[in-house]
Structures are given as C-alpha cells and as structure tokens.
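Data block below; observations after.
The values are calculated or read from the model by the stated rules, or taken from the named source; none is laboratory data. Model, not experiment: these values are computed from the prediction. Because the Cβ atoms are built from the backbone with ideal geometry, glycine has one as well, and the counts that use them run over all protein chains shown.
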Amino acid sequence: MRTILVTGGAGFIGGNFVHYILDETDVRVINLDALTYAGNLDTLADLRDNPRHVFVQGDIADHALISRLLAEYEVDAVVNFAAESHVDRSIDGPGAFIQTNVVGTFTLLDCAREHWSKRTGEAREAFRFLHVSTDEVYGSLGATGLFTETSAYAPNSPYSASKAASDHLVRAWFHTYGLPVLTTNCSNNYGPYQFPEKLIPLMILKAQRGEALPIYGDGANVRDWLFVTDHCRAIWRVLEAGRPGEVYNVGGNSERTNLEVVDTLCGLLDELLPDSPHRPHVNLKRFVPDRPGHDRRYAIDASKLKHELGWEPQETFESGMRRTVTWYLESPQWCQRVTDGSYRGERLGAADD
Ligand code: NAD
C-alpha cells in the first residue's frame, strides 16, 4: 500500500490517524476534508512541509473531485472518517448528517468502485475501502451484555441512524459489486485534538476556567472509552490484514459512567494543577436535564479483532486519561484558538493540492 485517501483527516480521529500513518509507516496520505466547524488545520500544522502529506479541502459528496483524486494519486485505499459526528447537533439539525454521512458515503463508495474496477492485477487485489463507524449503531444496552459484530442494528439518534445507513451501504457495495470493503465499529474515543463540544475536552477546559461542569441526567450513562491512538492502530491493522466484507468491533474494555469520567479528570487536574484556585475540581459538577433519546449503556466485545488480527488496546483508561489531560494542559494555543473561534480564520489560506 503506497497511497491512501483519508477523509475527515482534519478532525479528531482522522487527524490522529494521519499523524499515526506518517509516523509509523512510509505510506503517502491524501487528506480530504471539507473543514466544517469540526475540521481544524491547527491539528495538521506540523505536517505543512511533509512531502507524504497532501491536504485537499473538499466534500466527500463531490463525485468529480473524489474521482480525480483517486485517479491522479493512484490511491490504493480509502479510509473514511469524514462525518458529522456530534449527537446533540444531529438532534438540532439532522439534514447535514444525512447529507454527509449517507450521501457522502454513497458518493465515496461509487467513486471507489469505478476506480477499483479500472485497476488490474495486484493493484486491484490490494485495493481496500475502510469505513470508520461507531458502536452507537447498535442502540442501547441494559446493565449487562456486550455489542458484537452480529448485534442487531437499533440506532436511536439521527447521528447513529445516519451512521447505520452508511454501514449498510458499505455492506451492500461488497455483496453487490464485490468492492473490498472493511467496516470498524468503535466505542467512544478520547485523546489529543478532540473538539471541545465532546465530554472529556469540554470538562477539562471548563474545569480549568472554574466553570460549572454540566452532567446529563444522573450521570449514570455508561460508555466504553478507547484512547484514540489505540483506535488508529486498530484501523491500520484492519486495513493491512482484515478480511474484505468483514466488520470489526473496536473497544477499550473500559466501561465508565459519565460521573466516573468527570471524577477521574477532576482528580488529575487537582494533581497536575496544584496551585489552581478551583481545587477540588469535583465541586464544579452540576446536573442538567438529560438529552432526548440518550442511550443508557454501550459496551463492546472486541474479541474478534483480538483473536483474528492480534489487536488489543495499549492504554488503560487511567494512563490514557493522564496523557489526554496532560496534552490539553500543554496545548493552550490549540485550545485557545478553538475556544475563541480563530482556528476558523485559517481556512481561507488552506492549502489545496
Ligand atoms: P470529527 O467531527 O472530529 O471530525 C470529522 C471531520 O470530517 C472534520 O474534520 C470535518 O471537517 C470533516 N467533514 C465533515 N463533513 C465532511 C464532508 N462532507 N466532506 C469532507 N469532510 C467532512 O469526528 P471524529 O470524532 O474524528 O470521528 C471520525 C469518524 O469516526 C466519524 O465517522 C465518526 O462517526 C467515527 N467515530 C467516532 C467516535 C468518537 O468517539 N469520536 C467513535 C466511533 C466512531
């Protein structure tokens, strides 16, 4: 594999994945991102002079652009991160979720099929389309049980419904056209470069400023948490060795209630900021009305990935959280520019291909 098209590579997981690939392999990355509010060129600032990284601002639903990129760069694999990803935003405005997550994924699949069908020999054999998805497509669990790759789809939010639809399209392109696709369904990620509308960075930045820490409902909703670099390793492993047409669940074996997550990061902030006037940070917790359709519990059985491909998370929840809180404390400029909106000023000067 020499060249991969990564979509959504200016976002949280995509940005971490691009760094991971450039650090750990000799693969060239064509990074296509529409730079919505969630795309941040600051995340890619250290890659400006990297000859193996080509940034292109554009939409995954732009058929002509995608076709051109696949042909011009002789792309060997597509890794699709691009999505509208925030559940609360999907409740307020589901249209963008249908457009990008469903229509966009369809367009990518269609372009990939045309590109793949023109290839011959080894280049055709080796081509892969990896779709990055979420455990939220499986709906909500009770107090026990785990989602496996054969769990029934039961999405409850416009976000998870749009991701579920995209997963079905990916599956159909394998069964109907034979396109060598792979799908990964992963639990909640956390780590560097996550946009502070999501739980962990939101709480870190608010706690640092001494602001109230809003917790939905009773805070007892359970999520399985995975450090983002472990997710990137899993995706690369599936891309290299996964069986076309297969689905792989990715999880961290780290179930925590939202309250436990907030307590952990407050404890780390107390330790790492001994002079903070806001210690103990747990006193900043405030309960707010629950989100509609809020899934109670997600938990992943990632044993297929472990047994077939030898992947396991390297970080524990405690070690990953320590790395994450430390990164946010050591990256005040990245945080400030996201918080005051100035990261968006970069986009007019964004590099094209
Ligand atoms: P994110 O919102 O941080 O990043 C999404 C990126 O996609 C942004 O850079 C945005 O500009 C770009 N984008 C949006 N619409 C686009 C379009 N039409 N064309 C091109 N680019 C577009 O999201 P994330 O948290 O990094 O998630 C990445 C993927 O992983 C998503 O598909 C998401 O469903 C999936 N996922 C996320 C998590 C999680 O915990 N964050 C867990 C499992 C799966």
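Can we say residue 113 is among the basic types (Lys, Arg), over 26 Å from residue 338 (Cβ atoms), modelled with pLDDT of 95 or more and in contact with a helix residue (DSSP H, G or I) (Cβ under 6 Å, 6 or more places away or on another chain)?
Details: among the basic types (Lys, Arg): yes; over 26 Å from residue 338 (Cβ atoms): yes; modelled with pLDDT of 95 or more: yes; in contact with a helix residue (DSSP H, G or I) (Cβ under 6 Å, 6 or more places away or on another chain): yes.
Taking the combined requirement at face value, the residue satisfies it.
When you look at residue 91, is it crowded, with 22+ Cβ neighbours inside 10 Å, in contact (Cβ under 8 Å) with a residue 60 or more places away in the chain and more than 14 Å from the ligand (Cβ to nearest atom), yes or no? Reasoning before the result, please.
Working: crowded, with 22+ Cβ neighbours inside 10 Å: no; in contact (Cβ under 8 Å) with a residue 60 or more places away in the chain: yes; more than 14 Å from the ligand (Cβ to nearest atom): yes.
Answer is no for this residue.
Output the residue which, of all residues in the range 152-180 that are out of contact with any helix residue (DSSP H, G or I) (no Cβ under 6 Å at 6 or more places or on another chain), closer than 28 Å to residue 76 by Cβ and outside any helix (DSSP H, G or I), is nearest to the ligand (Cβ to nearest atom).
That would be 180.
If residue 72 passes every condition in (1) closer than 27 Å to residue 121 by Cα; (2) near the ligand (Cβ under 10 Å from one of its atoms); (3) among the charged types (D, E, K, R) but one, which one does it miss?
(2)
Of everything in the range 16-39, what is within 15 Å of the ligand (Cβ to nearest atom) and either of a type in the set (Ser, Thr, Tyr) or out of contact with any strand residue (DSSP E or B) (no Cβ under 9 Å at 6 or more places or on another chain) (or both)? Give them in sequence order.
The answer is 19, 20, 36, 37, 38.
Which one of these does residue 84 not meet: (1) near the ligand (Cβ under 9 Å from one of its atoms); (2) among the charged types (D, E, K, R); (3) assigned to a helix (DSSP H, G or I)?
Evaluating residue 84 over (1) near the ligand (Cβ under 9 Å from one of its atoms); (2) among the charged types (D, E, K, R); (3) assigned to a helix (DSSP H, G or I) leaves (3) as the failure.
Has the range 199-208 got any residue that is of a type outside the set (A, V, I, L, M) and near the ligand (Cβ under 10 Å from one of its atoms)?
At the first step, the residues of the range 199-208 found to be of a type outside the set (A, V, I, L, M) are 201, 206, 208.
Okay, now just the ones that are also near the ligand (Cβ under 10 Å from one of its atoms), so none.
Looking through the range 199-208, none of the residues is of a type outside the set (A, V, I, L, M) and near the ligand (Cβ under 10 Å from one of its atoms).
Listed residues 252, 245; which is crowded, with 17+ Cβ neighbours inside 10 Å and either part of a loop (DSSP other than H, G, I, E, B) or under 19 Å from the mean Cα position of the chain (by Cα) (or both)?
On the way: 245 fails: crowded, with 17+ Cβ neighbours inside 10 Å.
Going through 252, 245 in turn, the sole match is 252.
Pairs, please: C-beta under 7 Å, at least 6 apart or cross-chain, first residue more than 15 Å from residue 170 (Cβ to Cβ) and part of a strand (DSSP E or B) and in the range 181-193, second more than 7 Å from the ligand (Cβ to nearest atom) and not hydrophobic (A, V, I, L, M, F, W, C)?
Between residues of the range 181-193 that are more than 15 Å from residue 170 (Cβ to Cβ) and part of a strand (DSSP E or B) and residues that are more than 7 Å from the ligand (Cβ to nearest atom) and not hydrophobic (A, V, I, L, M, F, W, C), the close pairs are 188/223; 188/224; 189/231; 190/320; 190/324.
Of the numbered conditions (1) assigned to a loop (DSSP other than H, G, I, E, B); (2) in contact (Cβ under 8 Å) with a residue 60 or more places away in the chain, residue 51 satisfies every one except a single condition; which is it?
Of the numbered conditions (1) assigned to a loop (DSSP other than H, G, I, E, B); (2) in contact (Cβ under 8 Å) with a residue 60 or more places away in the chain, the odd one out for residue 51 is (2).
Looking only at residues that are touching a helix residue (DSSP H, G or I) at 6+ places or on another chain (Cβ under 9 Å), surrounded by fewer than 21 Cβ atoms within 10 Å (Cβ to Cβ) and not aromatic (Phe, Trp, Tyr) in the range 100-110, which one is farthest from residue 71 (Cα to Cα)? Even if it seems obvious, please write down each step before you answer.
Within the range 100-110, the first condition is being touching a helix residue (DSSP H, G or I) at 6+ places or on another chain (Cβ under 9 Å), and the residues that meet it are 100-102, 104-110.
Those left that are additionally surrounded by fewer than 21 Cβ atoms within 10 Å (Cβ to Cβ): 102, 106-107, 110.
Now drop any that are not not aromatic (Phe, Trp, Tyr), which leaves 102, 107, 110.
Details: 102: 23, 107: 15, 110: 14 Å.
Applying the filter and picking the extreme gives 102.
Among the residues of the range 258-296, write down those that are outside any helix (DSSP H, G or I), farther than 15 Å from residue 213 by Cα and modelled with pLDDT of 95 or more. Break it down into steps so the answer makes sense when it comes.
Of all residues in the range 258-296, those outside any helix (DSSP H, G or I) come to 273-280, 285-296.
Subsequent filtering for residues that are farther than 15 Å from residue 213 by Cα retains 273-277, 291-296.
Result: 273, 274, 275, 276, 277.
Across the range 94-151, which residue is nearest to the ligand (Cβ to nearest atom) among those that are among the polar types (S, T, N, Q) and assigned to a helix (DSSP H, G or I)?
Narrowing the range 94-151 to residues among the polar types (S, T, N, Q): 99-101, 105, 107, 117, 120, 133-134, 140, 144, 148, 150-151.
Cutting the leftovers down to assigned to a helix (DSSP H, G or I) gives us 99-101, 105, 107, 117.
Details: 99: 7, 100: 4, 101: 7, 105: 9, 107: 9, 117: 23 Å.
The qualifying residue nearest to the ligand (Cβ to nearest atom) is 100.
Checking residue 29 against (1) within 16 Å of the chain's Cα centre (by Cα); (2) outside any helix (DSSP H, G or I); (3) of a type outside the set (Gly, Ala, Ser), only one condition comes out false. Which one?
Of (1) within 16 Å of the chain's Cα centre (by Cα); (2) outside any helix (DSSP H, G or I); (3) of a type outside the set (Gly, Ala, Ser), only one is false for residue 29: (1).
Against the conditions (1) part of a helix (DSSP H, G or I); (2) of a type in the set (Asp, Glu); (3) within 11 Å of the ligand (Cβ to nearest atom), where does residue 59 fall short? Just the number, please.
(1)
For residues that are more than 6 Å from the ligand (Cβ to nearest atom) and buried (at least 24 other Cβ atoms within 10 Å of the Cβ), tally how many sit in the range 1-15.
Number of matching residues: 5.
How many of the residues making up the range 123-150 are at pLDDT below 95 and either hydrophobic (A, V, I, L, M, F, W, C) or crowded, with 23+ Cβ neighbours inside 10 Å (or both)?
Of the residues in that region, 2 qualify.
Look at residue 228 and say whether it is within 16 Å of the ligand (Cβ to nearest atom), aliphatic (A, V, I, L, M), touching a helix residue (DSSP H, G or I) at 6+ places or on another chain (Cβ under 9 Å) and farther than 30 Å from residue 175 by Cβ. It would help to see each step written out before you state the result.
Numbers: within 16 Å of the ligand (Cβ to nearest atom): yes; aliphatic (A, V, I, L, M): yes; touching a helix residue (DSSP H, G or I) at 6+ places or on another chain (Cβ under 9 Å): yes; farther than 30 Å from residue 175 by Cβ: yes.
For residue 228, the condition - within 16 Å of the ligand (Cβ to nearest atom), aliphatic (A, V, I, L, M), touching a helix residue (DSSP H, G or I) at 6+ places or on another chain (Cβ under 9 Å) and farther than 30 Å from residue 175 by Cβ - is met.
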